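Chemist: Have a look at this one before I ask anything.
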Amino acid sequence: MFRKSRFVLIGLALVSFAFICKVYLSPGKEASAQPDNYAQWATKDVMRGVSWVAGDSVTAEQLQELKQNKIEWISQTPFGWQSAYNSPEVKLNTGSSRAYWGESDQGLIHTTRQAKKFGIKTLLKPHIWLRDRSGKWLGDIEMANEAQWQEWFANYRTFILHYAQLAQQEQIEAFCIGTELHNPAVTHEQAWRNLIKDIRQVYSGKLTYAANWYLEFEQIKFWDDLDFIGVQAYFPLTKKNNPNLQELKKGWEKHLPAIAKVAKRYKKTVVFTEAGYKSTPDAAIEPWKWPERGEQTILPEANTTQAVCYEAMFQSVWHQPWFGGMYIWKWYPRLRNPGRYHADFTPQNKPAAQILAQWYGKQ
């Protein structure tokens, strides 16, 4: 009798355990119940990149400098031209007559092939250059009616498919389907899903979209159709000049939960398709702003601020399970007057470059 009761109790326990597993460990519950489920989709193949500035040539010495700084990826940026925020016309310029050689098809191809010789991969990242003088920017693009929207997407499709085909031809490793097009991207989800399908018909590499840090990356709904999430990571970190490391890391803590939330929702890694700081004391206040003309501040102090911003960023994101890499804005193939102080975003010839190389050299 005792043995029979014991077997009954064991059987009931097994049934209860099976029920608990079904309820709490089902696919829908597991993602929310287990915070470490990143292992299912996170990558260890971190993109160690810089945003490559188009020039008039590419030399082995310039590419070797990338390797010396542990850089493994470059983003290259050709442009499509739009005259006004409410104009549906998007013009292609594939030659070098009206643009830098490095932005032309010839320059993109040559740079890609030379980079491959050094083991450096490419993210091809076409942009729209908005010539609007009304104060509008890319995120404000707006058409008057649905017919104009269809025309804009048709023109944009021609523009982006040209570069997707070039990327496939040259076996470029990653491709960005758009950059900071907030209004078009958020209000026309299905048009972008259709575009992604068209791109995948001609390109077999990894796809992303580069969303602005402010609201856009959280509002995009087609992340599930892409391979990784791209964020233009110019997050404001402080309201004061020359902040210290702890102040900057505290500033990052305000933004990390939102990034993690999007990453976990779509089960995609996040790559900072642009990130960087200028060499000015206010670099972390509004990181997206270019330095004012003639802004030649106290050199040691400004360079130190840039370097501290780099260190805070790397300490804050490098070990995050969702982190898939970054592209530092920006890197010149050749700096004019290399001994001269550059207030802009490049880390070259500054302490920030040493920090970049140190972190890019980590596993």
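Any read-out appearing in this document is the output of simple, stated calculations on the displayed coordinates, not a laboratory observation. Since the structure is predicted, the reported quantities are computational estimates derived from the model, not experimental observations. Cβ sites come from the backbone with ideal geometry, for glycine too, and all protein chains shown count toward neighbours.
Chemist: So, how do all the Cα-to-Cα distances of segment 77-227 break down into 5 Å bins, in percent, from 0 on up?
Modeler: 2, 9, 19, 22, 21, 15, 8, 3, 1, 0
Chemist: Follow-up. Only sites in a loop by DSSP and with at most 14 other Cβ atoms within 10 Å count here; which trypsin sites (Lys or Arg not before Pro) in segment 232-276 make the cut? Don't jump to the answer; show the numbers that get you there.
Modeler: On the way: sites: K239, K240, K249, K250, K254, K261, K264, R265, K267, K268; in loops: K239, K240, K254, K267, K268.
Listed in order of number, the matching sites are K239, K240, K254.
Chemist: While we're here: Looking at segment 77-227 only, what percent of DSSP beta bridges run antiparallel? Nearest 5 please.
Modeler: Working: 2 of 12 bridges.
Of those bridges, close to 15 percent are antiparallel.
Chemist: A further question follows. Where the only charges are on Cβ atoms (+1 Lys, Arg; -1 Asp, Glu), what is the dipole of segment 235-363 about its Cα centre, to the nearest 20 debye?
Modeler: Working: 19 positive and 10 negative charges, 107 e Å.
Dipole of segment 235-363, to the nearest 20 debye: 520 debye.
Chemist: Still on this structure, please answer the following. I want to make sure I understand the PRE zone here: with the label point 7 angstrom from the Cα of D227 toward its beta carbon, which residues in segment 146-182 have backbone N atoms less than 19 Å away?
Modeler: Residues passing the 19 Å test: 160-179.
Chemist: Next up: Compute the FRET efficiency between Q169 and Q354 as 1/(1 + (r/R0)^6), taking r as their Cβ-Cβ distance and R0 = 30 Å, and round to the nearest 0.05. Could the numbers behind the result be given before it?
Modeler: On the way: r = 37 Å, r/R0 = 1.24.
Efficiency computed from Cβ-Cβ geometry: 0.20.
Chemist: For segment 235-363, take the alpha-carbon Rg, divide it by the Kirkwood Rh, and send me Rg/Rh. Show your work: numbers first, answer last.
Modeler: Numbers: Rg = 14.8 Å, Rh = 15.2 Å.
Dividing the radius of gyration by the Kirkwood radius yields 0.97.
Chemist: May I pose another question? Mind ranking 116-122, 328-334, 271-277, 181-187 by how tightly packed they are, going by the mean number of other C-beta atoms within 10 angstrom, highest first?
Modeler: On the way: 116-122: 16.3, 328-334: 20.9, 271-277: 27.1, 181-187: 19.3.
Ranked by mean Cβ neighbours within 10 Å, highest first: 271-277, 328-334, 181-187, 116-122.
Chemist: Loop only by DSSP, 13 or fewer other Cβ within 10 Å of the Cβ. Give me the trypsin sites (Lys or Arg not before Pro) in segment 181-235 that pass, ordered by residue number.
Modeler: Details: sites: R193, K197, R200, K206, K221; in loops: K221.
Passing both the DSSP loop test and the Cβ count: K221.
Chemist: 5 Å is the cut-off here: which amide hydrogens, built 1.01 Å from N in the peptide plane, fall below it relative to V46, excluding neighbours closer than 5 in sequence?
Modeler: none
Chemist: Using a basic spin-label model with each label point 7 Å from the Cα along Cα→Cβ, how many nm lie between E142 and D198?
Modeler: Distance between the two pseudo-spin positions: 2.5 nm.
Chemist: Okay, moving on. With each label point set 7 Å from Cα along the Cα-Cβ vector, what nm distance links E89 and E65?
Modeler: 3.8 nm
Chemist: Okay, moving on. Taking 0.36 nm per intervening residue step and subtracting the Cα-Cα distance, what contour gain separates E218 from K267 on full extension?
Modeler: Values: separation 49, 0.36 × 49 = 17.64 nm, distance 1.38 nm.
Value of the extension gain: 16.3 nm.
Chemist: Just to confirm a number: summing +1 for Lys and Arg and -1 for Asp and Glu over residues other than G361 whose beta-carbon lies under 9 angstrom from that of G361, what do you get?
Modeler: Numbers: positive: R48, K70, K362; negative: none.
That sum, taken over residues with Cβ under 9 Å, equals +3.
Chemist: Roughly speaking, what is the stretch gain from E151 to I285, that is 0.36 nm per residue apart minus the C-alpha to C-alpha distance, in nm to one decimal?
Modeler: Values: separation 134, 0.36 × 134 = 48.24 nm, distance 3.87 nm.
Extra length from E151 to I285 when fully extended: 44.4 nm.
Chemist: If you average the alpha carbon positions of segment 120-189 and of segment 100-114, how far apart do those two centres end up, in angstrom?
Modeler: Taking the Cα centre of each part, segment 120-189 and segment 100-114 sit 20 Å apart.
Chemist: Convex hull over the Cα atoms of segment 212-280, averaged projected area in nm²? It would help to have the intermediate numbers written out before the result.
Modeler: On the way: hull surface 19.7 nm².
Seen from a random direction, the Cα hull of segment 212-280 projects 4.9 nm² on average.
Chemist: Rounded to the nearest 20 debye, what is the charge dipole size of segment 111-220 about its Cα centre when +1 sits on each Lys and Arg Cβ and -1 on each Asp and Glu Cβ? Don't jump to the answer; show the numbers that get you there.
Modeler: Values: 13 positive and 12 negative charges, 142 e Å.
Here segment 111-220 has a charge dipole of around 680 debye.
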